[in-house]
Structure formats: structure tokens, C-alpha cells
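Here's the structure, in C-alpha cells; my notes come after.
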Amino acid sequence: MSDMNALLDPARFADLTTRAARDPETFWSDEARRLEWIAPPSHARNGRGWFSDGLLNASANCLDRHLATRGDKVALIFQGEDEDTVLRLTYRDLHAQVCRMANVLRDHGVGKGDRVAIHLPSVPEGVIAMLACARIGAMHVVLFGGFSAEALADRLADSGARLVITADMGRRGAKQIPLKATMDRAIALRGESVETVLVVAVTGEDAPMTPGRDHALTPLLEVASAACTLEPMSADDNLFLLYTSGSTGKPKGMVHATGGYLLWAAYTHALAFDHREDDVFWCTADIGWITGHSYLTYGPLANGGTILIFEGMPSHPHPGRWWDVAQKHRVTTLYTSPTAIRALMREGDDVPARHDLSALRVLGTVGEPISAEAWTWFSTVIGKGRCPVVDTWWQTETGGIMIAPIPGSGTAKPGAAMRPLPGVQPILLDERAQPITGAGEGVLCITNAWPGQARTIWRDDALFCTTYLDPYPGYYFTGDGARRDEDGDLWITGRVDDVINVSGHRIGSAEIEDALAAEHVFAESAAIGIPHDLKGQGIVVYVVPRETAAADDAERAEALAKQAIAAVGKRVGRYAAPEQVFVVPDLPKTRSGKIVRRLLRKIACNETEGLGDLSTLADPELVPALIAKILG
Ligand code: PRX
């Protein structure tokens, strides 16, 4: 097993890479010793399964195993929205809290294989609830606090969650987010499977409670025992289910299994962030996304680290709030998104300059391509040129980091995701599905299997195969494009499918289009992503009203545009709100009826030079008409 606490050097990195490629069975069997097994596995890979005959428990790996050596070490620091709200939980404290929560879940009839929906703001109860589920073998289904009631309802129905953990309110800066009320509406819509709702008091606001179904969580935790037996899980038993967006309107429930996922989270956390015992690891992601699973929770805790959870926002109530948090808690490792970096950059260099950020050692980014400008700012202004910037490429489906310039593995380049981690073999394919060797650009696939790979899509294995395995037989298809430079380093160029990446959040074009179709005033629509200074990509929507004359009536068109924005907010969530809505008489299509999104993107970006051959369109006259209408 590789030494967890040593900064890699290029020779060691090369050695690990060679060993993992030459004999994956031995490499992963050795690496599996990072975890604590109730019964160790006799082999590594088994088809889609990993470590199949091994028995373990993820919560025991994140808690119990550390009690003897790290019982008094701080496992979790919580910095609340209010400056004075600070909580420090040692491993012993966190273990006790997780046990209490797990007992409450068991008392409500939750057992192995049941789904528990977690719908919380960034408070410790989120991590505690995830680990409590893992302890009793229930699958957690974390639902982002920004989802609308409709979006929550779809996910409750698909997952069949028996129990929901939500909060009276969430806070986003000065704003209050009525989580419980939204969840109530979701359950009323399509939450037939939900038997119990446990409510965390975040603001202490009076939330409406349904007798018999809803319970305040605190009193239940107070009387619950702090000892809780754990469920021995097969490595291939499911750990959780997390929804993400793809090319279809329906969100996909990605299923991750216990052993492979946990190993991947621990292995990648140790390597990519050069984890050390006294690190304070601040992952700014919400637990509603995969980053909050792998690097706010499982990876750092499996490695015995100290995590920081911050309830608030980067620039509230003042532009230096984040840097206050980093200084106050002596953060060593900051893992965030290019969107946050761009926003913080705008506040000016003097804001971070007023803070002591000398504890910082490693900086990481994830979720979207980072520009050379943002990378350089992060590296020089925040990292003072001392801290490696690890731009990590991965996906909900991959379970953890796949491609990143690991500290010590060689020189980093601004903006490049760089090199695969040992054990990952990416390949670029051209439009004829032929491998591109040497420099070039193509679609990014992965050649081999790795332990963290999602096992399936919940209740839809056929979709798992058609989405990831069938497009390029023999490879895992990522949905991203990438370029390889002369040095062999990889640069991610973005999605090649209809997924839009807004502030690092994946949103399917089809999700937006389905939301619009539900408003019967629109005959058709197309949602596309265009570059956005702050968010990376912004959403632009073209809608065709049923009543075609409305497209030419400015007042009607404005009302329809407003209706479109409201519809997306209602059915997806406000985080997916379009920047712009164009009400148009028709959409450009091929003769076979496929919408030509490339043209819509060019028009929205005001790039009308070189639109290519329009004569193959069903209605070639439409494009000049759209340009005249939209660009004037
Ligand atoms: O397009 C890639 C982009 O985010 C997608 C995965 O989104 P999600 O499953 O929500 O997971 C986000 C957190 C891992 C990818 O298909 N992406 C992620 N990281 C990067 C990235 N694009 C460029 N550079 C990255 N470092």
C-alpha cells in the first residue's frame, strides 16, 4: 500500500501508475488495506463488482476504527452562519452522534437496503445522517436544498424513500429557505413511500408538522442510545444513491456500492490532496452533490482527517467572510469550484490580503473547467505561489477524482486537469471511435474499470448500459470532450452531450425542456448553455408558443418569457433559471426533425459568421429570420 502521508514525487507517481496498470488485481487488493474489513476480500475485481466477498461498514471505517488512536482528535468543525456558532466534534463525539441518529432511524423501522432521503442545509446533521444510514445499511439519498418541490417529488418517488430528514429552514446569507414546507409539498405530490419525516431545528422557526408522520429530531436524539451495533455489509452492497442529470429529462439515480466507493474516496483524498494527519480540510461543496459525499464526508473521515463545514456563503455578510473562516480555523486544504473562485476574484486582491492564510497548503478545484486567469489568481493570490492547485476532473458516476495534477507528480499548468490518477486509463476517441494517440482532441472515455465506478442507475440498469457502456463498446463514456497536448497532459473541454454546467451544477437540457412542455402554452423549446462570466455556463432557452402570433407581439412574448422562467423554477429549481428566453416562431431543425442546437448556440452568442451550410435544414429561411429577430 502506498504511504498515505508522503508527498509523491514523479518517480513514485510513475511507479504507482505502472503497477496499477500492469497488475490491477494485486494493486487494488493491496490498496484495499486502506480500509478496515470485518472480513477482508480475497480478490479485487469481479465484473462490475469489487472486493465482492469482503465485509465492512462505511461508518465504522469513518468513525469506530479511529476511536483508539484519534478519539480526542477533532473530526468535524462546524462554522455557522453566525460568527459565534462554532461546534467542534471529536471522533468520539461524532461517533456518539452518529450512533444516536442511527438508533432513531432503526426505531422508525429503517433497515438494510431502505432508502432515507436527506434534505438539509450545510449543518453537521447532514454528515451525521449519512453516516447513520451507512451504519445500519440504509442507502442515503441526499437531495439538494435548492431543488423545487416537483424535483424533490420525482426523486422521492423514484427512490421509494421511507424516511426523510429535513430542516425547518435553511439559511443562505440573509435569506431563509423553507426546506420543510417545500418537502411537505413534494411529499403531497409524489411522496407515497414516505412514512416518517424527521425535522432538524436549524433556525428554530415553527415548521408545520403532520401528526403521526413528522417528528422534531432533537428530542428523539436526546433519548437515543449512543451505542449502536453496525450492519456488516458486503463490499458490493449499496451505500447510497445520488441523483444527477443526463440527456434525458428524468434524473438518474447513480448507485454506489460500499467497498469500491469508500476505497476510491479514501485513496483519491489521500493522493490528490497529499493528506496529512494535522490537516484541516475544507470542502465547500454542499452534501447534495457528489463532492460533498466523497470529500466533505467519506474520503477525509475514512482517512482520519478533520473536516470543516461552513453553513454560509462566500461573501456574506462581507466580501472577506470565506477568508475569515479559513484564517480562524487554520484551514490547510481548500477544495472549491471555479465559480466560487471567479466570484471571490471579483472582490479584489486586497480582501484576501487582509487575512492570514499561511496555514493553507493545498488548493483544489472541481466541477467545471477553470480558466488560466482564475487558476493563476487562486495559485498566486490565495496560495502565494506555495500551494499546489489541484484541478480535479471527475463525475458523480466516477465516485471520486480521476484526472488531476497530483501534488508532487510533476509541474502543473494553469487550467489543465493534467494526468490520470494511478489506476485510471483515459483514452480519447475521434468521431469514428478510433483512439487518438499523441496530441489531439476527442471524446473522453475510460478504458479500464476502477473501484469507485457507479454500479448502475437505480431501477434502470438498461439506461446505465446505453448511457455509459454502449456508446463506445469496451469503454466507459464520460460525456466530456478533452484535448491532449504535446506533453501528454489532458485538458477537459466540456460536455459533448446536452448537459449544461451552471456554476458546477449539472442540468440536462431535457429537464428544462420537459419543465417547459408541462406549461401547455409552449409547443416546443430548446435549452442550451452559453459561456457566462461568473457561472461558467448560463442557460438560454428558445421557446415556440402554441399561439404562433405571440412570438411577434412584444408584450405577449415578454409574458411568455416570464412564464418560462417561472416554470423552470417550479419544476427544477431556481438554480436552473434561464438567463435569457427567446420567444421564436420555430426552431431550426434537420430534415429528420432534430433541433440544430449548434445554430441556437451561435445565435445566442452573437456569432453569426460562418454558420455553415444551412441548405440541409428543413427550413433554411428560418435562421436569418431568427438572427434578425434576436440580434436585430
Ligand atoms: O463536465 C465535467 C464537469 O462536471 C461534470 C460532472 O458533474 P457532476 O457529476 O455533477 O460532478 C461534479 C463534481 C465532480 C463532468 O462531466 N467537470 C467536473 N470536474 C471538472 C469538470 N470539467 C472540467 N474540469 C474539471 N476539473
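Within the stretch 308-325, the set of residues being within 22 Å of the chain's Cα centre (by Cα) and either small (Gly, Ala, Ser) or in a loop (DSSP other than H, G, I, E, B) (or both) comprises Glu311, Gly312, Met313, Pro314, Ser315. Scanning the stretch 326-377 for residues that are in contact (Cβ under 8 Å) with a residue 60 or more places away in the chain, closer than 24 Å to Pro407 by Cα and among the aliphatic types (A, V, I, L, M) yields a total of 3.
Among residues of the stretch 574-588 that are farther than 12 Å from Gln537 by Cα, those with a beta-carbon under 7 Å from a residue that is among the aromatic types (Phe, Trp, Tyr) and in a strand (DSSP E or B) at least six positions away or on a different chain give the pairs Phe582/Tyr542; Val584/Tyr542; Leu587/Tyr542. Of the residues making up the stretch 190-233, those that are touching an Asp or Glu at 6+ places or on another chain (Cβ under 7 Å) and of a type in the set (A, V, I, L, M) are Val197, Val199, Val200, Ala201, Val202, Ala207.
Screening the candidates Gly593, Gly610 for the property of being surrounded by fewer than 12 Cβ atoms within 10 Å (Cβ to Cβ) and under 30 Å from Gly536 (Cβ atoms) yields one hit, Gly610. Conditions: (1) of a type outside the set (A, V, I, L, M, F, W, C); (2) open to solvent by 60 Å² or more (accessible area, probe 1.4 Å); (3) in a loop (DSSP other than H, G, I, E, B). Lys629 meets all but one. Number of the miss? All conditions pass for Lys629, except number (3). Only residues that are out of contact with any Lys or Arg (no Cβ under 6 Å at 6 or more places or on another chain), surrounded by fewer than 24 Cβ atoms within 10 Å (Cβ to Cβ) and either without any contact (Cβ under 8 Å) to a residue 60 or more places away in the chain or closer than 29 Å to Asp158 by Cα (or both) were counted in the stretch 255-285, giving 3. For the stretch 521-558, filtered to residues that are more than 22 Å from Ser503 (Cα to Cα) and loosely packed, with under 14 Cβ neighbours inside 10 Å, the residue that is modelled with the lowest pLDDT is Thr548. Taken together, the residues in the stretch 211-250 that are surrounded by 23 or more Cβ atoms within 10 Å (Cβ to Cβ) and assigned to a loop (DSSP other than H, G, I, E, B) amount to 3. Residue-level check: of (1) buried (at least 21 other Cβ atoms within 10 Å of the Cβ); (2) within 16 Å of the ligand (Cβ to nearest atom); (3) within 26 Å of Glu150 (Cα to Cα), Ala482 misses just (3). Picking from residues in the stretch 351-374 that are more than 19 Å from Tyr295 (Cβ to Cβ), within 24 Å of the chain's Cα centre (by Cα) and not in a loop (DSSP other than H, G, I, E, B), the one that is farthest from the ligand (Cβ to nearest atom) is Glu373. Every test in (1) at pLDDT 95 or above; (2) buried (at least 16 other Cβ atoms within 10 Å of the Cβ) is passed by Pro369 save one, and that test is (1). Within the stretch 485-495, the residues that satisfy the criterion of being more than 9 Å from the ligand (Cβ to nearest atom) and either charged (D, E, K, R) or assigned by TED's automatic domain parsing to the domain that holds Arg598 (or both) are Asp485, Glu486, Asp487, Asp489.
Pairs meeting the criteria (first residue in the stretch 286-309 and within 13 Å of the ligand (Cβ to nearest atom), second residue part of a strand (DSSP E or B) and open to solvent by 10 Å² or more (accessible area, probe 1.4 Å), beta carbons under 6 Å, at least 6 apart or on different chains) are Thr291/Val366. Scan the stretch 581-593 and give yes if some residue there is of a type outside the set (Phe, Trp, Tyr), under 30 Å from Phe144 (Cα atoms) and modelled with pLDDT of 95 or more, otherwise no. The answer is yes; a qualifying residue exists. From the list Tyr476, Tyr472, the lone residue that is of a type in the set (Ser, Thr, Tyr), open to solvent by less than 40 Å² (accessible area, probe 1.4 Å) and closer than 25 Å to Met418 by Cα is Tyr476. For the stretch 496-518, the count of residues that are over 26 Å from the mean Cα position of the chain (by Cα) and in the same structural domain as Val584 (by TED's automatic domain parsing) is nonzero.
The single residue among Gln563, Gln537 that is away from the ligand (no atom under 16 Å from the Cβ) and not hydrophobic (A, V, I, L, M, F, W, C) turns out to be Gln563.
Residues in the stretch 394-417 that are open to solvent by 20 Å² or more (accessible area, probe 1.4 Å) and within 16 Å of the ligand (Cβ to nearest atom): 4 in all.
Taking the stretch 387-502 as the region of interest, none of the strands (runs of 3 or more DSSP E) fully inside it holds 3 or more residues being of a type in the set (A, V, I, L, M), at pLDDT 95 or above and touching a helix residue (DSSP H, G or I) at 6+ places or on another chain (Cβ under 7 Å).
All of (1) more than 15 Å from the ligand (Cβ to nearest atom); (2) touching a Leu at 6+ places or on another chain (Cβ under 9 Å) hold for Pro420 with one exception: (1). Of Gly399, Gly385, Gly364, all but one fail to be in contact with a strand residue (DSSP E or B) (Cβ under 7 Å, 6 or more places away or on another chain) and on the phi > 0 side of the Ramachandran plot; the exception is Gly399. Could you go through the stretch 329-344 and let me know if any residue there is in the same structural domain as Leu55 (by TED's automatic domain parsing), of a type in the set (Val, Ile, Thr) and out of contact with any Pro (no Cβ under 6 Å at 6 or more places or on another chain). No; the residues of the stretch 329-344 include none that is in the same structural domain as Leu55 (by TED's automatic domain parsing), of a type in the set (Val, Ile, Thr) and out of contact with any Pro (no Cβ under 6 Å at 6 or more places or on another chain).
Restricting the first member to the stretch 213-229 and to residues that are without any contact (Cβ under 8 Å) to a residue 12 or more places away in the chain, and the second to residues that are assigned to a loop (DSSP other than H, G, I, E, B) and open to solvent by 50 Å² or more (accessible area, probe 1.4 Å), no beta-carbon pair is closer than 7 Å while six or more apart or on different chains. Restricting attention to the stretch 62-103, the residues being farther than 19 Å from Arg330 by Cβ, open to solvent by 50 Å² or more (accessible area, probe 1.4 Å) and either of a type in the set (Phe, Trp, Tyr) or in contact with a Pro (Cβ under 9 Å, 6 or more places away or on another chain) (or both) number 1.
Looking at the stretch 503-534, which of its residues are of a type in the set (Val, Ile, Thr) and within 11 Å of the ligand (Cβ to nearest atom)? Across the stretch 503-534, the qualifying residue is only Ile507.
The values are calculated or read from the model by the stated rules, or taken from the named source; none is laboratory data. Keep in mind that this is a model prediction, so the values were computed, not measured. Note: ideal-geometry Cβ built from the backbone for every residue, glycine included; neighbour counts use all protein chains shown. For accessibility, only protein heavy atoms count, side chains too; no ligands or nucleic acids. Shrake-Rupley method; radii C 1.70, N 1.55, O 1.52, S 1.80 Å.
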